[in-house]
1. In the stretch 126-150, what count of residues is obtained for those that are open to solvent by 20 Å² or more (accessible area, probe 1.4 Å), modelled with pLDDT under 95 and out of contact with any Asp or Glu (no Cβ under 8 Å at 6 or more places or on another chain)?
2. Please go through the stretch 39-56 and give me each residue that is under 16 Å from residue 138 (Cβ atoms) and either charged (D, E, K, R) or under 11 Å from the mean Cα position of the chain (by Cα) (or both), ordered by number.
Amino acid sequence: MVQKLIVLIAILLGGLGSVLAWPRIHLSVLLTIFPKIVWEGPRFGNSIALTFDDGPDPAFTPQVLKILETYNIKATFFLVGERARRYPDLVNSIRAAGHEIGNHSNSWRKTISLPPGSLEEDLLEAERALGLDRQPKFFRPAGVLIGPKQLQIVRKNNYPCVLGSAYAFDPHHPPAAYIKWAIRRSLRPGAIIVLHDSGGDRSNTIRALPTIIADAQKLGLRFRILSEFLPQNLSTDQNS
């Protein structure tokens with residue numbers, strides 16, 4: 001019953017967020033309901049994190065990497081294990097450029113749908129494919145939703161579950177102008193930006209990315225990878 005309620009709340013908030021671009025009132029509610037999920041980083045200072053999901057992708061990941069190199073910033077890429085095995089050179093390029101890699105499942109089977117045994121197998125298979133053999137390491141559920149049983153498995157394997165506070169819902173192919181606007185209104189210290197470099201045509205995300213970076217820099221915000229950005233004892237806290 002509890003898991004069904006959690007899923008229902010998340011779906012309702014996600015639906016409203018897709019219209020209203022994830023307003024801060026939603027984030028406040030989520031922080032209260034799901035305290036064991038990381039939605040944002042520290043609000044003091046001037047740091048934010050830029051993250052990308054679903055890759056690597058031979059068409060769009062190189063374009064993202066080129067833009068990040070142009071602006072000399074680092075990001076965290078939540079990669080899918082089976083795609084990493086298909087495109088190992090792209091995984092190497094991400095690492096070689098100084099970016100960070102997170103676990104976004106092995107096969108992109110929706111995390112909420114997996115029984116604990118299947119989820120653990122999927123999680124660890126992705127971990128091997130991505131070479132995540134040391135701490136810190138981060139997990140982002142496939143399909144966004146995660147229930148209490150799934151979260152227990154993730155935490156048992158020393159993964160903080162990281163979602164985000166700045167969404168543009170780019171998997172639904174909104175115009176680049178909307179992506180820029182949606183992220184801009186969520187920029188503040190501690191923000192975790194969630195974009196996608198795979199899973200379909202990401203041309204609008206690519207077009208929006210330079211403006212998103214420039215907007216953040218105009219506000220004096222500094223991009224950091226998650227391991228620099230989040231508390232070092234986060235995995236321990238998540239298991240408490």
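1. 8
2. Those that are under 16 Å from residue 138 (Cβ atoms) and either charged (D, E, K, R) or under 11 Å from the mean Cα position of the chain (by Cα) (or both): 39, 40, 49, 50, 51, 52, 53, 54.
The values are calculated or read from the model by the stated rules, or taken from the named source; none is laboratory data. Keep in mind the model is a prediction, meaning the values are calculated, not measured. For neighbour counting, all protein chains shown are included, and Cβ atoms are generated from backbone atoms with ideal geometry for every residue, glycine included. The protein model used for the area step is the full one, side chains on, heavy atoms only, and it has no ligands, DNA or RNA in it. Shrake-Rupley method; radii C 1.70, N 1.55, O 1.52, S 1.80 Å.
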